[in-house]
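Structure, as structure tokens:
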Amino acid sequence: MRIAVDLDGVLANSMKTWLKIWYQRTGQLIEFEELTDWFFWRKLNIDEETFIGILNTAWARWIEIPPTEDNIGEKVRRLKILGNVDIVTARPRNTEKYAIRWLNYHRIPFDKYVWTQNSMAKVRLGYDVYIDDSPSMIEVLENTGKVLLLYAQPWNRNIQEKENVKMINNLDEAYSFLREKKSF
Ligand SMILES: [Mg+2]
């Protein structure tokens, strides 16, 4: 089983650091739970470039980015029992060195670190399972026979599960689901 694990929003809660930087720059306090829209930043009257710029700053301050779960390295190690685990991310390439440092710091094991352009490019890589927080993955994985485990975040809470789309609240649920799938 080839498993693609997303970085931002699945392993690293980089949006928490994004909000911290936003507060430091603007004085505007936004709670993480308020991020109920993937494109929430449009409501702040900023463009995508600014949004990504702050995300890059967050990654330059990688030590401040919290993992989504305690013992995250252990949880990924458990997934590796079931198959190949690659970190597949579509983040700006210049933050790659910070991402690798972050992964090592949190002792997260993986087979490969794979950089892609976007969701569509992730799908073209042909993994069996995608663990991702982006709602855009639902559409691009439609009729591919691939499984999407959508990692629950405030910005994807209203998603409808489908035959190949399942919501998970944590990586333990991913492990249980995939272990069962594998035994079929
Ligand atoms: Mg993500």
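None of the figures in this text is laboratory data; all of them are computed from the coordinates on show. Not measured: the values here are computed from a predicted model. Every residue, glycine as well, gets a Cβ built from its backbone with ideal geometry; the counts of neighbours run over all protein chains shown.
Quick notes on this one:
- Within region 124-140, the set of residues being more than 12 Å from the ligand (Cβ to nearest atom), surrounded by 15 or more Cβ atoms within 10 Å (Cβ to Cβ) and in a loop (DSSP other than H, G, I, E, B) comprises Y127, D128.
- Members of region 108-123 that are within 17 Å of N164 (Cα to Cα) and surrounded by 16 or more Cβ atoms within 10 Å (Cβ to Cβ): S119, K122, V123
- Of all residues in region 159-184, those being buried (at least 20 other Cβ atoms within 10 Å of the Cβ) and away from the ligand (no atom under 16 Å from the Cβ) number 1.
- None of N143, N156 is touching a strand residue (DSSP E or B) at 6+ places or on another chain (Cβ under 9 Å) and either within 14 Å of the ligand (Cβ to nearest atom) or free of Cβ contacts under 8 Å to residues at least 40 places away in the same chain (or both) except N156.
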